[in-house]
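**Student:** Pasting a structure here, questions to come.
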Amino acid sequence: MTRCRAALLALLTMVALSPAASAYAADEGPEQIVNGTFDAGTAPWWSTGNTTLTVDAGRLCADIPGGTANPWDVIIGQDDIPLVEGETYAYRFQASATPSKVGKALIQLPVDPWTQYLSASPELSVSGNDYSYTFTAPVSLPNAQVVFQLGGSAEPWRFCMDDVSLKGGAEPEVYEPDTGPRVRVNMVGYLPSGPKKATLVTTETTALDWELKNAGKETVASGRTVPKGVDASSGQNVHVIDFGTYAKPGEGYTLTADGETSRPFDIGAGIYDSLPTDALKFYYTQRSGIEILDSLRPGYGRPAGHAGVAPNQGDVEVPCQPGVCDYTLNVKGGWYDAGDHGKYVVNGGISAYQLMAAFERNRAAFADGRLQIPESGNGVPDVLDEARWEQEFLLSMQVPDGKPYEGMAHHKIHDQNWTGLPLLPHLDPQKRELHPPSTAATLNLAATAAQAARLFAPYDAEFAAKNLKAARKAWAAAKANPARYADPNDGVGGGAYNDNNVTDEFYWAAAELYITTGEKEFKDFVLASPHHTGDIWRERGFDWGNVAQLGRLDLATVPNALPGRDKVRQSVVAGADKYVAIQREHPYGLPYNPADFDWGSNNLVLNNLVVVATAYDLTGQEKYRAAVREGMDYILGRNALNISYVTGYGEVSSHNQHSRWYAHQLDHSLPNPPRGSLAGGPNSSIQDPIAQRLLQGCKPQFCYVDDIESWSTNELTINWNSPLAWVSAFLADKSEPSSCRVRYSAHGSWPGGFTSQVVIENTGKDTVDGWSLRWSFPGAQRIKQGWGAKVTQSGAVVTAKSLGWNDRIKPGRSVTFGFVGTHASGPNPAPEVFHLNGDRCR
Ligand code: 9MR
């Protein structure tokens, strides 16, 4: 709402007449300072790099260093304060200094010549005082700065402030997102055999008619909506439309209800075919330390970032933060975490894990050459090449032998200070620093390295062995240093990624080490961990700081000989049941419904879908697959904002995600994020200034804005695209349950070799005529010679084909074949997933 101009003029007249009235008039005006009470932490307040902002007993405090020459050598400020020419403002704050000091309080132009519209020199005392000033803005500008200049003292001192308020000027505009038609659908489309639901936003409380129309505007299906009342996640009164019985493939369908017509969508078996590839291609343009070739990503080519070339100060010889270590490390490579240039082991860990996990679920779906990366065509599936890019970086973060905390991993490496946007990686001039080793980072390294050891074994035995060695070493180092936590205040120039409970990281690492090695130490640890049996299926989903779920999922799905594995599997299904129950109650079909949405809520939604999808893999029950399909509808448009959160997918999609190099919104010569980039999504805590300005009081689903400056709602990250890749690969998997049963038995083994017999039983009603059975070996097993079938192998994927004489398997009958194989050290468990002629035996 814009304040009535006439009333404003009347007030201004008063201002001119009486100085006393001026403060009063301004005091009545709207508040221009965001988070002046520090109830929401320190953002959007910033400081110069020589001091750190903290909230202490509800006030903002900072230790001001001594030995600076000028007031402007230490600054605390807030940007983007709108000023209106001729308007009078009342500026107030409460502040203290220990010992007492004179500070400078300014409201100024944010760039040279730094014109000051208000300049005051408050005398700050130890007990603290209230200060108030008025001034009239001589110009209009959208981005004045409120700053406290606190430098120039020989001695260090402590500054605290509270209740900073600037009242007056124009009423901030009320932000109204453009949510388009009130019928909300998955704008990409629906699978013919999957559920098809939409959500109608309406004031009506009784059932309404709906119609499904094809591209030719013919009505092809119709029905009645189901009123659901007011949805807490959006504050909207909503109805659900279920058109699941309609299954005819086509493009350009629309749904009409209550006089509104949805955006168009398709029905087709192939609607998810390109998403896994796009979600994974994202990682190449996030790479650090290598030139991004425009020939591989047209429009995204750029020089290598942080490869030891000025003005970069990293990442080939990176020192520690002062006092942390006496060596430098070459930590070139890896992926940039998000829209910043930081590289964080805990977040890199879950991201690399999830790419490898998507591959481990269904290796046959990830052929070499899919992702158009420099390694395409090297005979290794691209998704593994991409994961390796990160894994090599994670390995490089391990503390060298002979140094304190040897074997642990440094928590992170990033800029000394936050940089502005836009800033291409190769242009970042900031000093790069290694931060202290942490137990969490060490265990992320142990877990991913153990996982990499088994997955790379068929392709690169040396790399696999290197990983296993690093994993063991990291495990031992974590056990020796079980509680070295990242400092929550170490968040300048990069995220803190702090986590004071690493029992889940221990469990995940032990699980991966056990699956890969089969060794007793890890088995015992897994079985004794409270995370092995506890209810770890939090409604808020798993993420970089909650990783017990990764261990549990892998113990359930990756072949291993853990005692009581059935219970592990059942526990995953129980977790899925919980998410499915939440989804059933949710009028937007969301398997996530806390009272407030967390940072990166979209990735939490997707991670809940990973659990549900795993329950489908374990049980073959259609309800779980249907729930994953319905859950994806939310991400792709069936939501309160009517937006697809995946760039380039759906008629309206997020495309201004926070990033220093896909910063098209700020510099039109730069690209938008690549197709397939997931936005973090609604975040009830709205920690960034733009969200705080636009979204105050938002209902959870509305706590999102597609603006590049909204880093707390609209960033893109490596750990958010990873569940997108995992889930979309699941959705793109066209395998159906097949009527067959496979009995795989190892008949004998000797050092380095084994022999197995495989029986395929036809449990269906039709004769199988010609068969091809596919499975994957868990590790480095290799077929030497088959009998009763033509057995071939690519990587870990084995295909056994009938030989003509044994093509036919009648209902109720079976065929038997076998082979002699070799295997490296480590366990040799039987494969558990078999596909007969492309469909999965159940
Ligand atoms: O995703 C992270 C979220 O869970 C945390 O609450 C938040 C604050 O520590 O940080 C998020 O991670 C950001 C990281 O700190 C820096 N790179 C960008 C990440 C995504 O916004």
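The values are calculated or read from the model by the stated rules, or taken from the named source; none is laboratory data. Not measured: the values here are computed from a predicted model. Cβ atoms come from the backbone with ideal geometry, glycine included; neighbour counts cover every protein chain shown. The area values use the complete protein model at the heavy-atom level, side chains included, leaving out ligands, DNA and RNA. Shrake-Rupley method; radii C 1.70, N 1.55, O 1.52, S 1.80 Å.
**Student:** Magnitude of the Cβ-charge dipole of the stretch 283-563, K/R +1 and D/E -1, about the Cα centre, nearest 20 debye?
**Tutor:** Values: 25 positive and 35 negative charges, 65 e Å.
The dipole magnitude comes to about 320 debye.
**Student:** For the stretch 233-262, list residues with backbone N below 16 Å from a point placed 7 Å from the Cα of THR206 toward its Cβ?
**Tutor:** The answer is 258.
**Student:** OK, next. With every protein chain present, what is the per residue accessible area of the chain (1.4 Å probe, Å²)?
**Tutor:** Values: 31570 Å² over 842 residues.
Solvent-accessible surface per residue comes out at 37 Å².
**Student:** Enumerate the residues in the stretch 80-98 having an amide nitrogen under 20 Å from the point lying 7 Å beyond the Cα of ASP39 toward its Cβ.
**Tutor:** Under cut-off, by backbone N: 92-95.
**Student:** Can you pull the one-decimal nm distance between simple spin-label points at LYS734 and LYS248, each 7 Å off the Cα toward Cβ?
**Tutor:** Each label point lies 7 Å from its Cα, and together they span 2.2 nm.
**Student:** Also, I was wondering about something else. If you take the square roots of the eigenvalues of the alpha-carbon gyration tensor of the chain and sort them as a ≥ b ≥ c, do you get rounded (a/c under 1.5), prolate (a/b over b/c) or oblate? Show your work: numbers first, answer last.
**Tutor:** Numbers: a/c = 2.45, a/b = 1.49, b/c = 1.64.
The shape class here is oblate.
**Student:** Moving on to the next point. Quote the accessible area belonging to VAL126 in square angstrom, nearest 10, computed with a 1.4 Å probe and with ligands, DNA and RNA left uncounted.
**Tutor:** The accessible area of VAL126 comes to roughly 90 Å².
**Student:** To the nearest 10 Å², what's SER669's accessible area with a 1.4 Å probe?
**Tutor:** 100 Å²
**Student:** Here is a follow-up. Calculated from DSSP H runs of 4 or more alone, at -39500 (n - 2.57) each and per residue, what is the 222 nm mean residue ellipticity of the chain, nearest 500?
**Tutor:** The helix-only estimate for the chain comes to -8000 deg cm²/dmol at 222 nm.
**Student:** Something else: Helix check for the chain. Which DSSP H runs span at least 30 Å along their own axis by Cα, with a mean Kyte-Doolittle hydropathy no less than 0.0? Before the final figure, lay out the partial values.
**Tutor:** Numbers: long enough: 565-585 (31 Å, -0.70).
The qualifying helices: there are none.
**Student:** Would you kindly find the accessible area of SER772, with a 1.4 Å probe and non-protein molecules such as ligands, DNA and RNA excluded, rounding to the nearest 10 Å²?
**Tutor:** Only protein atoms counted, so the area is about 30 Å².
**Student:** Using the Cα centre as the reference, give the magnitude of the dipole from point charges on the C-beta atoms of the stretch 551-628 (Lys, Arg: +1; Asp, Glu: -1; all else neutral), rounded to the nearest 20 debye. Don't skip to the end; give the middle numbers.
**Tutor:** Working: 8 positive and 8 negative charges, 51 e Å.
My answer is approximately 240 debye.
**Student:** Along the positive direction of the dipole of the chain (beta-carbon charges: Lys, Arg +1; Asp, Glu -1; about the Cα centre), which of ALA679, ILE107, PRO723 reaches farthest?
**Tutor:** Of ALA679, ILE107, PRO723, it is PRO723.
**Student:** Taking +1 at the Cβ of each Lys and Arg and -1 at the Cβ of each Asp and Glu, which of TYR588, THR557, PRO482 sits farthest along the dipole of the chain towards its positive end, judged by Cα position relative to the Cα centre?
**Tutor:** Sorting the options by dipole projection puts first THR557.
**Student:** While we're here: Got a number for carbon plus sulfur as a percent of the stretch 338-482's accessible area, 1.4 Å probe?
**Tutor:** Numbers: 2190 of 4070 Å².
Looking at the stretch 338-482 in its full context, I get 54 percent from C and S.
**Student:** Evaluate the distance, in nm, between pseudo-label points positioned 7 Å from the Cα of TRP805 and of GLU651 along their respective Cα→Cβ axes.
**Tutor:** In this crude spin-label approximation the distance works out to 6.2 nm.
**Student:** What are the lysines whose alpha-carbon lies under 25 Å from the alpha-carbon of LYS479, with same-chain residues fewer than 8 places away excluded?
**Tutor:** Within reach: LYS343, LYS403, LYS412, LYS466, LYS469, LYS520, LYS523.
**Student:** Suppose every Lys and Arg Cβ carries +1 and every Asp and Glu Cβ carries -1, with no other charges. What dipole size does the chain come out with about its Cα centre, to the nearest 20 debye?
**Tutor:** 3440 debye
**Student:** Relative contact order for the chain: what is it in percent, counting Cα pairs under 8 Å that are at least 6 residues apart?
**Tutor:** Numbers: 2065 pairs, mean separation 86.2, N = 842.
So the answer I get is 10 percent.
**Student:** A follow-up question, please. What is the distance in Å between the Cα centres of the stretch 511-582 and the stretch 105-148?
**Tutor:** Taking the Cα centre of the stretch 105-148 as reference, the centre of the stretch 511-582 is 56 Å away.
**Student:** Tally up the carbon and sulfur contribution to the accessible surface of the stretch 617-668 as a whole percent, 1.4 Å probe, everything protein left in place. Please list the in-between numbers first.
**Tutor:** Numbers: 640 of 1340 Å².
Here carbon and sulfur together make up 48 percent of the probe-accessible area.
**Student:** Under the definition of Cα pairs under 8 Å and six or more residues apart, what whole-number percent is the relative contact order of the stretch 737-841? Present the calculation step by step, with values, prior to reporting the outcome.
**Tutor:** Details: 250 pairs, mean separation 39.6, N = 105.
After rounding, I find 38 percent.
**Student:** Set the Förster radius R0 to 56 Å, insert the Cβ-Cβ distance between GLU317 and ASP766 as r into 1/(1 + (r/R0)^6), and round the FRET efficiency to 0.05. Could the numbers behind the result be given before it?
**Tutor:** On the way: r = 66 Å, r/R0 = 1.17.
With a Förster radius of 56 Å, E is 0.30.
**Student:** For the stretch 303-366 and the stretch 657-684, what is the separation of their C-alpha centers, rounded to whole Å?
**Tutor:** About 20 Å separates the Cα centre of the stretch 303-366 from the one of the stretch 657-684.
**Student:** Quickly work out the LEU293-to-GLU176 label distance, labels modelled 7 Å from Cα along the C-beta direction, and quote it in nm with one decimal.
**Tutor:** Between GLU176 and LEU293, the label points sit 5.1 nm apart.
**Student:** To continue, here is another question. What percentage of the solvent-accessible surface of the stretch 519-571, computed with a 1.4 Å probe over protein heavy atoms, is contributed by carbon and sulfur atoms?
**Tutor:** Details: 1210 of 2270 Å².
Carbon with sulfur: 53 percent of the solvent-accessible area.
**Student:** Using a ≥ b ≥ c from the Cα gyration tensor of the stretch 505-612 (square roots of the eigenvalues), is it rounded, prolate or oblate, where a/c under 1.5 gives rounded and otherwise the larger of a/b and b/c decides, a/b for prolate?
**Tutor:** Judged from the Cα gyration tensor, the stretch 505-612 comes out prolate (a/c at least 1.5, a/b above b/c).
**Student:** For the charge dipole of the chain, defined by +1 on Lys and Arg C-beta atoms and -1 on Asp and Glu C-beta atoms about the Cα centroid, which residue among PHE366, PRO44, GLY795 has the Cα displaced farthest towards the positive pole?
**Tutor:** Farthest towards the positive pole: GLY795.
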